[in-house]
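Trainee: Pasting a structure here, questions to come.
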Amino acid sequence: MEPLHLGVDAGNSKTVALLCDEDGRVVGYGRSGNGDIYGAESSSAAVDAVVAAVKEALTAAGAREADVRASAFRLAGVDWPEDHAYWMDALARRLPGLHAPSVLNDGFAAIRCGGPAGAGPAAGGAGRRDYGAGVAVIAGTGSAVAGRGPTGTEWSMSFWIQDAHGASGLVGSALRAVYRAELDLGPATTLTARLLAFFGATDVEALLHSFTGRETGHGWARQAAAAREVVAAAGDGDEVAATLVRDQGRHLADYARVTARRVGFAVDAVPVDGGSGGSGGNGADGGAGVPVVLAGPVLCAPGSPVTAALLDALSRVFPAARPRLATVPPVSGAVLDALADAGVDLGPAVYERLRATAPPPAFLAT
């Protein structure tokens, strides 16, 4: 069998694994549960989930571990050196046939997802290693921000993120606003009626109890799904909801700027086209500057107000940013990292094959 390349994207909602050949053609994929050693039932359960997804992908491709030339594991919960060491040991024990897997936080998965022009090459031009330089901002169920600089320096915001983002973060902030309004400590908001209806609660106290009672609670997916109510309220002119949306966009822009600076980009230079925005889609398609790839359902949804708020904030706090919406999912970005590690030229044809042979949408749905 010709050499294969493996990408794994693991989070709290799901873990997905993708196998492709050197041309970017997907030959197998697998899916399992929570692969975050901080968020799963236990660290060993997270390892079980990651291994299960990989083995399912190998089985679907009719391949063995030894057929994998390069692998990139992009895993939520790889936040500290001991987390990286834990995973390297676990993979060596559970998937011993894989040669020198690359393990990074899941935020790195999206850096190459903006297309061939979405992740800049290393400084120095032709003949230099393709580091996939750029910044990724992911907002799905949660959020992640990571960057790789022009000389390969890598850094992730990880636990430096001090604000709850993504769909679950947006809903968490909305719930706090509802509770404060009930106590007359904050302005009235239509979010109260919307969230009561969504979660089937009779009043705000029942809503609070459903989230905090000893034998009650809502899972990640259920809470994240309520984000549509927050977005709808903002669109209908509710100022509390609109403020939450603006705040999330502003925080993500700040974190993108910090990450870019940490990995060696000049963050204050204005792109040659005079700005960070552009036309088409959500307006995230700028010219020369620092590639900033926006990924995840919250940012890639058509007409997303969070994306609009993020783009507006980027234009003010990070003038060098060249925002670009992801054109492939993060697991494909992990595969692209594996291909790059193997020395494959990541031209437009590779991206197109990844898109053309991608798993069905339901496979990636949260």
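The values are calculated or read from the model by the stated rules, or taken from the named source; none is laboratory data. Just so you know, these numbers come straight off a predicted model, no measurement behind them. In this analysis, Cβ positions are derived from the backbone assuming ideal geometry, glycine residues included, and neighbour counts consider all displayed protein chains. Calculation scope for accessible area: heavy atoms of the full protein, side chains included, ligands and nucleic acids excluded. Shrake-Rupley method; radii C 1.70, N 1.55, O 1.52, S 1.80 Å.
Trainee: For region 23-35, which positions are within 22 Å of residue 103 (Cβ to Cβ) and open to solvent by 70 Å² or more (accessible area, probe 1.4 Å)?
Mentor: 29, 31
Trainee: Show me the strands (runs of 3 or more DSSP E) entirely contained within region 103-207 in which 1 or more residues are open to solvent by less than 10 Å² (accessible area, probe 1.4 Å) and modelled with pLDDT of 95 or more.
Mentor: Qualifying strands (runs of 3 or more DSSP E): 134-139, 143-148.
Trainee: Pairs, please: C-beta under 7 Å, at least 6 apart or cross-chain, first residue closer than 11 Å to residue 51 by Cα and in region 82-96, second in a helix (DSSP H, G or I) and of a type in the set (Val, Ile, Thr)?
Mentor: From residues that are closer than 11 Å to residue 51 by Cα, the pairs are 90/47; 94/47; 94/51; 95/51; 95/54.
Trainee: Considering region 222-251 alone, what residues qualify as being surrounded by fewer than 15 Cβ atoms within 10 Å (Cβ to Cβ) and in a helix (DSSP H, G or I)? Can you show your working first?
Mentor: Of region 222-251, the ones surrounded by fewer than 15 Cβ atoms within 10 Å (Cβ to Cβ) are 222, 235-237, 239.
The answer is 222, 235, 239.
Trainee: Within the group 322, 316, 355, which residue is of a type outside the set (Gly, Ala, Ser), open to solvent by 10 Å² or more (accessible area, probe 1.4 Å) and over 30 Å from residue 246 (Cβ atoms)?
Mentor: Details: 322 fails: over 30 Å from residue 246 (Cβ atoms); 316 fails: over 30 Å from residue 246 (Cβ atoms).
Within the list 322, 316, 355, the selection yields 355.
Trainee: List the helices (runs of 4 or more DSSP H) that sit entirely inside region 292-366 and contain at least 1 residues that are touching a Leu at 6+ places or on another chain (Cβ under 7 Å) and among the hydroxyl-bearing types (Ser, Thr, Tyr). Break it down stepwise before answering.
Mentor: Details: elements: 297-300, 305-317, 330-341, 348-356, 361-364.
Because the criterion is at least 1 residues that are touching a Leu at 6+ places or on another chain (Cβ under 7 Å) and among the hydroxyl-bearing types (Ser, Thr, Tyr), the helices (runs of 4 or more DSSP H) in region 292-366 that meet it are 305-317, 330-341.
Trainee: Given (1) part of a loop (DSSP other than H, G, I, E, B); (2) out of contact with any Phe, Trp or Tyr (no Cβ under 7 Å at 6 or more places or on another chain); (3) among the aliphatic types (A, V, I, L, M), where does residue 78 come up short, assuming only one miss?
Mentor: (2)
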